[in-house]
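Asker: This is the structure I want to talk about, given as structure tokens.
Here, each number is a calculation from the coordinates, and none is a lab measurement. For clarity, every value in this text was computed on a predicted model and none was experimentally measured. Heads up, the Cβs are rebuilt from the backbone with ideal geometry, glycines too, and the neighbour counts pull from every protein chain shown.
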Amino acid sequence: MPRTLIRKNPSNFKTLPLYVEATPEGLSYQSVGMPLNFAQTLQRRKPVEVADAERFSMELANLGVSVRLTLHWQNRDYWVLVRQRRQDRGDVVLKLISGYVPAHELNLPLHTAIQEIAEECLLETPEGWLGGRFNDTWLPAPYSSALHYREALPFRLSPLSGAARPVRCANMQLIERPQAYVHLPTASLQLIYDLRLEVPKEAKSLSLFHVDERLEGDQLVARLDRQRPDLYLMPLKDGQPCAELYTLKKDQLIPASTRGLFLAESFALQEGWLVRDERIRWKDWLRQQGLSAPEKESKLKRLTGKAQQILRKIVPKKKASR
């Protein structure tokens, strides 16, 4: 049974439309107009067209932020993906941890990104849920009224190398150099920060869960469902993704099915500053990356293995000669 962790009034959220200018050398954005609530923002997220992928100026509905989060656990690296049913687009995808940037943080979207990690990526041990630190700053504990957070053993967030082309809010260049793209189907500017999450070695029997807010009536509701952890790990080898997905329960990696899977648009092909797709099929993304899915055991091989197990039970081992 899913557990309700928190309820919010969505009308308290406000963001601002943007005016964006892009050139081959960089991209800048600034707010325009009056603050909008969540419903008003969704109404403005309608498809737009741009003739030149490298040079344009236009008004967009909102600023979004995502985190390409590399989790370091037991001496291996994994990308963290979360499952989301996107009510505004009527689909289900695996995506990066992400959210809308509120009006008061348009000039500091990194702060929004860090808060999204605290809200969406939950790490559980038998002694409680792990808190986190970014450099010398503690992450918020958004569900402290419902969950027990451990005071010791925080996970640690640190920035990884950023994108080559600069992004500016008005005249101020954003630190950590996020990747940027304009998503044409939703008329939004999206920023992607590369961050690393290091799990403390002392954290044993670790499980990972995703918590996402859903609009239910006039409230935003966040729930924890242990039967559907909805947080997935994609292994990295030499910094490159592998064609595998897992969930993590009590230190055990459990293979996840990729049948019929879609990834969000941040995995789709980017042309200049533009992304034109809503989503991309898992198989298409693997092909785009030059990856191949791990081979499955053939039915014959599985049957042979089972036959050998049965034979071992029926035929007793020969006694060792004296």
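Asker: Provide the FRET efficiency to the nearest 0.05 for the His111-Ala152 pair, computing r from the beta carbons and using R0 = 25 Å.
Answerer: Here the calculated transfer efficiency is 0.50.
Asker: Can you give the FRET efficiency for Ser292 and Lys250, using 1/(1 + (r/R0)^6), R0 = 35 Å, r = Cβ-Cβ distance, to the nearest 0.05?
Answerer: Working from the Cβ atoms, E equals 0.70.
Asker: Would you mind getting me the FRET efficiency between Lys201 and Glu176? Use the beta-carbon distance for r and R0 = 30 Å, nearest 0.05.
Answerer: The calculated FRET efficiency here is 0.70.
Asker: Now for a separate question. For a quick check: sort Leu122, Leu253 by the number of other beta carbons within 10 angstrom, fewest at the front.
Answerer: Placing the least packed residue first, the sequence is Leu253, Leu122.
Asker: Go through region 167-269 and name the GluC sites (Glu not before Pro) that are in a DSSP coil and have 13 or fewer other Cβ atoms within 10 Å of their Cβ.
Answerer: Sites meeting the loop and neighbour criteria: Glu202.
Asker: Report the extension gain between Gln43 and Thr137 in nm, rounded to one decimal, defined as 0.36 nm multiplied by the number of residues separating them, less their alpha carbon distance.
Answerer: 30.3 nm
Asker: Evaluate the charge dipole of the chain about its Cα centre and quote only its size in Debye, nearest 20, assuming +1 on the Cβ of each Lys and Arg and -1 on the Cβ of each Asp and Glu.
Answerer: 2560 debye
Asker: Which value in Å is the Kirkwood Rh of region 39-97 over different Cα pairs?
Answerer: It is 14.8 Å.
Asker: In debye, nearest 20, what is the charge dipole magnitude of region 52-172 about its Cα centre with +1 on Lys and Arg Cβ and -1 on Asp and Glu Cβ, if you could check?
Answerer: Dipole about the Cα centre, nearest 20: 260 debye.
Asker: Any idea which of Ile254, Val50, Ile175 is furthest toward the positive side of the dipole for the chain, if Lys and Arg beta-carbons carry +1 and Asp and Glu beta-carbons -1?
Answerer: Ile254
Asker: Go through region 171-211 and name the trypsin sites (Lys or Arg not before Pro) that are in a DSSP coil and have 14 or fewer other Cβ atoms within 10 Å of their Cβ.
Answerer: Taking region 171-211 and a limit of 14 other Cβ atoms within 10 Å, the loop trypsin sites (Lys or Arg not before Pro) found are Lys201, Lys204.
Asker: Another question, if that's okay. Calculated from DSSP H runs of 4 or more alone, at -39500 (n - 2.57) each and per residue, what is the 222 nm mean residue ellipticity of the chain, nearest 500?
Answerer: One gets -4000 deg cm²/dmol as the mean residue ellipticity at 222 nm.
Asker: Where both residues lie in the chain, what percent of DSSP beta bridges are antiparallel, nearest 5?
Answerer: 75 percent
Asker: Do you know the relative contact order of region 3-297, to the nearest whole percent, from alpha carbon pairs under 8 angstrom that are 6+ apart?
Answerer: The value is 22 percent.
Asker: Would you compute the Debye intensity of region 1-157 from its alpha-carbon atoms alone, equal scatterers and no solvent, and pass along log10 I(q)/I(0) at q = 0.09, 0.16, 0.20, 0.21 Å⁻¹ to two decimals?
Answerer: -0.38, -1.12, -1.47, -1.53
Asker: Another question about this same structure. Rg/Rh for the chain: what does it come to with C-alpha atoms and Rh from Kirkwood?
Answerer: That ratio equals 1.04.
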